[in-house]
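Single-structure report; data block below.
The values are calculated or read from the model by the stated rules, or taken from the named source; none is laboratory data. Every value quoted in this text rests on a predicted model; they were computed, and no experiment measured them. Glycine gets a Cβ as well: all are built from the backbone with ideal geometry, and neighbour counts include every protein chain shown.
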């Protein structure tokens, strides 16, 4: 008798598990391990080659996205538009970057867990809606930025893994911003 009850409960559990998979229950838990670099890939005829690149430091433009909430990221996690995350074409997943808005000097730390941007000349990062709001650039939609790969303290990593903002960072001085904007203009972006 106990064996029939056990088999019945196993069957019900398997059915529940199967139904949860149909409802999108196959997302990877938010974690910093394993870090994935991945092979080269092609999008719209352009080849992107992921690389470790611990010294990544790039000037360009950021945009933001948010209508894809609930979709799977390239890292296998569920995309949550309000979280402080981003998409990058080649950094390992996950990675952490410091993003500075060159128009205001405001700087935040963002967790990269997706691939992109794949359109727009000079775009180096796509921010989630939450990251764009924290950086103060949501209204602009497309802003000049500096993106640097960083290794934040575990406390900040833990906050970002839970969808919260990392500790506040100091703003960049105006003199430095002028130099960065000049470099961006010289690059013709």
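At a glance:
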{"item": "Residue among 11, 45, 38 that alone is modelled with pLDDT of 90 or more and over 16 Å from residue 73 (Cα atoms)", "result": "45"}
{"item": "So residue 54, is it touching a residue at least 40 places away in the same chain (Cβ under 8 Å) and in a loop (DSSP other than H, G, I, E, B)", "result": "yes"}
{"item": "Pairs where the first residue, in the range 162-178, is surrounded by fewer than 13 Cβ atoms within 10 Å (Cβ to Cβ) and the second is modelled with pLDDT under 95, C-beta under 9 Å, 6+ apart", "result": "162/30"}
{"item": "Checking residue 120 against (1) touching a strand residue (DSSP E or B) at 6+ places or on another chain (Cβ under 6 Å); (2) surrounded by fewer than 16 Cβ atoms within 10 Å (Cβ to Cβ), the condition it does not meet", "result": "(1)"}
{"item": "Tally of residues being surrounded by 10 or more Cβ atoms within 10 Å (Cβ to Cβ) and either in contact with a helix residue (DSSP H, G or I) (Cβ under 8 Å, 6 or more places away or on another chain) or part of a strand (DSSP E or B) (or both) across the range 35-49", "result": "5"}
{"item": "Residues satisfying the stated conditions in the range 136-189, i.e. at pLDDT 95 or above and assigned to a strand (DSSP E or B)", "result": "143, 144, 145, 146, 147, 148, 149"}
